[in-house]
Amino acid sequence: MIDMIAALQPPVLGAVLIWSARVKLFSRHAPAAAQRTALPRLLGQRRALPAYRLLGGVELTVGTLLLLPPVRRPAAAAAALLAVGFLAYLTYARRAAPASSCGCLSARAT
């Protein structure tokens, strides 16, 4: 049972990362979504959208690597590093801009 759960984690995480990247890279609402995040406060108004799109590219790359068989250690390490970085960003965002969106998976403010 635990082996089945472990085998399902990479494709599920890969799909979620690709879904998140889709919003950041291809949505017409991406500029507004980037401004709702803590990125403008962290990086400045001009750099918020490029950083948002860059993150989308990183998510797309890592998500694709996780979906390609076989899942290699570098893909898993990249996903873990991305998760640690995201937790650090959420911690910063909660302190610096508590009303901001995380900018995760949707073009809508939640």
Could you list, in sequence order, the residues of segment 47-64 that are within 16 Å of Ala79 (Cα to Cα), hydrophobic (A, V, I, L, M, F, W, C) and in contact with a helix residue (DSSP H, G or I) (Cβ under 8 Å, 6 or more places away or on another chain)? Leu55, Val58, Leu60, Val62
I'd like the full set of residues that are in contact with a Gly (Cβ under 7 Å, 6 or more places away or on another chain) and within 14 Å of Ala93 (Cβ to Cβ), limited to segment 40-73. Tyr52
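Assess whether Gly103 counts as being assigned to a loop (DSSP other than H, G, I, E, B) and either surrounded by 13 or more Cβ atoms within 10 Å (Cβ to Cβ) or touching a helix residue (DSSP H, G or I) at 6+ places or on another chain (Cβ under 9 Å) (or both).
Working: assigned to a loop (DSSP other than H, G, I, E, B): yes; either surrounded by 13 or more Cβ atoms within 10 Å (Cβ to Cβ) or touching a helix residue (DSSP H, G or I) at 6+ places or on another chain (Cβ under 9 Å) (or both): yes.
In short, yes.
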Can you pull out every residue in segment 23-52 that is more than 20 Å from Ala96 (Cβ to Cβ), among the basic types (Lys, Arg) and either at pLDDT 95 or above or surrounded by fewer than 16 Cβ atoms within 10 Å (Cβ to Cβ) (or both)? Arg28
Check on Leu87, assigned to a helix (DSSP H, G or I) and open to solvent by 50 Å² or more (accessible area, probe 1.4 Å): yes
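Within segment 25-32, does at least one residue satisfy the condition of being touching a Ser or Thr at 6+ places or on another chain (Cβ under 7 Å) and part of a helix (DSSP H, G or I)? Before the answer, list the steps.
Going residue by residue through segment 25-32, those that are touching a Ser or Thr at 6+ places or on another chain (Cβ under 7 Å) are none.
Within segment 25-32, not a single residue is touching a Ser or Thr at 6+ places or on another chain (Cβ under 7 Å) and part of a helix (DSSP H, G or I).
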Matching residues in segment 33-56 - criterion: being part of a helix (DSSP H, G or I) and touching a residue at least 24 places away in the same chain (Cβ under 8 Å): Ala33, Ala34, Arg36, Leu39, Arg41, Leu42, Tyr52, Arg53, Leu55, Gly56
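Within segment 91-100, how many residues are open to solvent by 60 Å² or more (accessible area, probe 1.4 Å) and either modelled with pLDDT of 85 or more or part of a helix (DSSP H, G or I) (or both)? If you could, list the steps in order and put the result at the bottom.
Of the residues in segment 91-100, the ones open to solvent by 60 Å² or more (accessible area, probe 1.4 Å) are 91-92, 94-95, 98-99.
Now restrict to residues that are either modelled with pLDDT of 85 or more or part of a helix (DSSP H, G or I) (or both): 91-92, 94-95, 98.
Within segment 91-100, residues that are open to solvent by 60 Å² or more (accessible area, probe 1.4 Å) and either modelled with pLDDT of 85 or more or part of a helix (DSSP H, G or I) (or both) number 5.
The values are calculated or read from the model by the stated rules, or taken from the named source; none is laboratory data. What you are looking at is a predicted structure, and each value in this text was computed from that prediction instead of being measured. Here the Cβ is made from the backbone with ideal geometry for all residues, glycine too, and neighbour counts use every protein chain on show. Note: areas computed on protein heavy atoms with side chains; ligands, DNA, RNA excluded. Shrake-Rupley method; radii C 1.70, N 1.55, O 1.52, S 1.80 Å.
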